[in-house]
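The values are calculated or read from the model by the stated rules, or taken from the named source; none is laboratory data. Bear in mind that the values here come from a model prediction, so they are computed numbers and not experimental data. Neighbour counts run over all protein chains shown; Cβ positions are idealised from the backbone, glycine included. Remember, those area values only see protein heavy atoms, side chains included, never the ligands or the DNA or RNA. Shrake-Rupley method; radii C 1.70, N 1.55, O 1.52, S 1.80 Å.
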Amino acid sequence: VLVESLLVFVVVLAVHGVVWDRFSWCALALALQAFYVQFKWDRLLQLGGAVFQFRGAANSGLLPSSMVIPLLGIVMKERCRAAGIVYFERFGIVVASTGMLLALFLSVLAVGITKPVPTNTCILTGIAGSVIIYTMKHSLAVSEVIEVLEVLLIFVYLSMILLYLLPRCFTPGEALLVLGGVSFVLNQLIKRSLNVIEGRGDPIDFFLLVAVVGVVLLGLFFTVLFTFMDSGTWISSMFFHMMTAVLGLGVIMPWLYRLIQRNPLFWLLQFLFQTQTRLYLLLYWSFLAASACGVVFYQNAKRSSGSKKHQASTVTRKYFHFIVVATYVPGLIYDRQLLYVAAVLCLAVFIFLEYVRYFRIKPFGQTLRHLLSLFLDERDSGPLILTHIYLLLGMSLPVWLFPRACAPKGTLSGAGALVPYSGVLAVGVGDTIASVFGSTMGEIKWPGTKKTFEGTMTAIFAQIIAVALILIFDSSVNLNSSYAWILASVSLVSLLEAYTTQIDNLLLPLYLQILFMA
């Protein structure tokens, strides 16, 4: 925990050194109080005193998770300010303020339920909170303050519902990241739906917002419904498919139509088959998807009937990382917009299939349970299997969060040109190589962890080679001699992978994106 915290502090100080404004000082204050509160959360988890059931075999992860959204907002603000895009500069400020307020709420919650009340931590949290609220008071307009408070309100209600319905699926830090992100997306969708004439946004952005909110609402609806009826019967399964179609065609499609002012299905078909390059990419991705399904069926066929507890090895699970890298790299080079939309569709399909598996919807629910049980690891301790969804999110978030409006030529300068590749580098290359080489050839372990020195060093070396290959094959990338910063960023994130107990597929790409954008 101490080394993980030290690495996060280095990232915060690096961003602070580059930005050096009131918000970077607030991020520093937030990090200091989160460091102390993190130990209170860890103690609550060990004693079973937390309000909800969180994922075991991991610390609370409060510090690394608390800093992601504020730092993303700060670096986005700086990039858009440099580009002269005032609207997105203000948007970055709102993102940073929202992230800080959500992290403070989680800290106050931990301090409030800790007995006896930790006086020193209370004082530190109060000072940090006062600094942050004072800065927000003098930086945000009234409408922006209301927007931040709306996200906080959605987060509180969403957390109470989902953490109760899904025990042991998240650590407190992972809940902050995932539910905070969903809350922000929901608030943005409501805001843009109410101001559809003013919100002249890109249709693919609206597509992402509606898809995320749609699948979350779908899950909440069926969770409530199946508390009153058995989900494993044919009648329930037919009702599930029928209501999915009704909600999709009767709610989600009209909602998307209102936002993009055209038929969503026709727009999607026209978008997907607009050029010959897109057709080739779609055929190539279909082949890779079939290959991934083939790996699943082949590994299950190898499972003997007498070894029901047999689990896939680390190397076997990393096959999917290689397939994902092969999927994303051509999309990033040839057509990022298509990759953006395809990743949204894939996320919706993944979550829908998880609903089918979780609720045992016929005819595929039980089959999915059997097929996916082979690939479970210690992080899938709750009722949901989320690791494959986290892998998709880790690869896609740098593409979705890339500030296109603040990059006039479609790419940022310096290390920022590698922002869309953050997921590929951190998860697809770094995490994969570290796991494969560390588990097969690693001998020297980092103190206090199961990760090895050899795995981490090989991961750093592999990512540097990957950056060189990106420079060769992607002509839009121009690093402007920022090689030392790239090497330091890759090394920091690789060390964080060795020490964090949080979901690395989600955390590492976001930290690498923050450093590249800084």
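Before moving on, here are some points about what is shown:
- Filter result (open to solvent by 30 Å² or more (accessible area, probe 1.4 Å), closer than 19 Å to Leu194 by Cα and among the aliphatic types (A, V, I, L, M)) within the range 224-267: Val251, Ile252, Met253
- Selection over the range 136-159 of residues that are open to solvent by 50 Å² or more (accessible area, probe 1.4 Å), closer than 20 Å to Ala29 by Cβ and of a type in the set (Gly, Ala, Ser) gives a count of 0.
- Selection status of Ser373, of a type in the set (S, T, N, Q), more than 30 Å from Gln299 (Cα to Cα) and surrounded by fewer than 19 Cβ atoms within 10 Å (Cβ to Cβ): no
- Residue match in the range 499-517 (condition: assigned to a loop (DSSP other than H, G, I, E, B) and either surrounded by fewer than 22 Cβ atoms within 10 Å (Cβ to Cβ) or at positive phi (or both)): yes
- Condition broken by Leu492, with the remaining ones in (1) without any contact (Cβ under 8 Å) to a residue 24 or more places away in the chain; (2) open to solvent by 30 Å² or more (accessible area, probe 1.4 Å) satisfied: (1)
- Failed item, numbered, when Gly394 is tested on (1) under 29 Å from Val1 (Cα atoms); (2) of a type outside the set (A, V, I, L, M, F, W, C); (3) in contact with a Lys or Arg (Cβ under 9 Å, 6 or more places away or on another chain); (4) in a helix (DSSP H, G or I): (3)
- Verdict on Arg369 being within 30 Å of Thr171 (Cα to Cα), basic (Lys, Arg) and in a helix (DSSP H, G or I): yes
- Being modelled with pLDDT of 85 or more and either within 23 Å of the chain's Cα centre (by Cα) or closer than 24 Å to Met76 by Cβ (or both) holds for only one residue in Ala415, Ala459, and it is Ala459.
- Test set (1) open to solvent by less than 20 Å² (accessible area, probe 1.4 Å); (2) touching a residue at least 60 places away in the same chain (Cβ under 8 Å) - Glu354 fails condition number: (2)
- Residue in the range 447-454 that is crowded, with 24+ Cβ neighbours inside 10 Å, outside any helix (DSSP H, G or I) and at negative phi present: no
- Of the residues examined, Val399 is one that is of a type in the set (A, V, I, L, M, F, W, C), part of a helix (DSSP H, G or I) and open to solvent by 10 Å² or more (accessible area, probe 1.4 Å).
Residues are listed down the side, and each one gets a yes or a no for (1) closer than 24 Å to Ser381 by Cβ; (2) open to solvent by less than 60 Å² (accessible area, probe 1.4 Å); (3) modelled with pLDDT of 90 or more; (4) assigned to a helix (DSSP H, G or I):
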| residue | (1), (2), (3), (4) |
| --- | --- |
| Ala29 | no, yes, yes, yes |
| Gln46 | yes, no, no, yes |
| Asn59 | yes, yes, no, no |
| Met67 | no, yes, yes, yes |
| Val75 | no, yes, yes, yes |
| Tyr87 | no, no, no, yes |
| Thr98 | no, yes, yes, yes |
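- Criterion: farther than 16 Å from Leu492 by Cα, in contact with a Ser or Thr (Cβ under 8 Å, 6 or more places away or on another chain) and hydrophobic (A, V, I, L, M, F, W, C) - qualifying residue of Ala466, Ala417, Ala459: Ala417
- When Arg379 is tested against (1) open to solvent by 50 Å² or more (accessible area, probe 1.4 Å); (2) assigned to a helix (DSSP H, G or I); (3) under 24 Å from Pro509 (Cβ atoms), just one condition goes unmet, and that condition is (2).
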